[in-house]
């Protein structure tokens, strides 16, 4: 737990948002910026907790069914993958656009975004992205 508090202080000093994965209750208790609910988590227990207005809940999805689950979980943003990375969750641009049009939630691109394909994000409305490849 002391490691989490050190990370919290580090992020706060550098004005970086700190989200805890898959544990909303602990994120609220530690007064973090928010929590992340992975695509495999289909629980709704976090809806019973009270938290500050600034606390955000984000989630990830790979298909329409998971998007619907994240909507019912009342996430603020949905990370949808994979746009470019050709793995088992690969969507590609056309399917990504199609699936993301079925939600009113803010959708964040995830999966294989790099400096080589960054310009292709202009094909998607309101492109926000997150990833590792871009920063490597």
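FYI, it's all coordinate maths here, none of it is from the lab. Model, not experiment: these values are computed from the prediction. Cβ sites come from the backbone with ideal geometry, for glycine too, and all protein chains shown count toward neighbours.
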* To do: Once you've got the GNM for the chain with C-alpha springs shorter than 10 Å, pick whichever of 33, 76, 45 has the biggest mean-square fluctuation.
  => 45
* Kirkwood-based shape ratio for segment 17-135, expressed as Rg/Rh from alpha carbons -> 0.98
* Asked: So, in nm, how far is label residue 68 from label residue 123 when the simple model puts each one 7 Å beyond its Cα toward the Cβ?
  -> 2.8 nm
* Asked: Given springs between every Cα pair under 10 Å in a Gaussian network model of the chain, which of 15, 23, 94 has the largest fluctuation?
  -> 15
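Run the numbers on segment 13-136 and let me know its relative contact order in percent, using alpha-carbon pairs under 8 Å that are six or more apart.
Working: 202 pairs, mean separation 19.8, N = 124.
The normalised contact order for segment 13-136 reaches 16 percent.
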* Theoretical ellipticity at 222 nm over the chain - DSSP helices of four or more residues, -39500 (n - 2.57) apiece, nearest 500 -> -7500 deg cm²/dmol
* Which of these, 119, 25, 77, has the largest mean-square fluctuation under a Gaussian network model of the chain (Cα springs below 10 Å)? -> 119
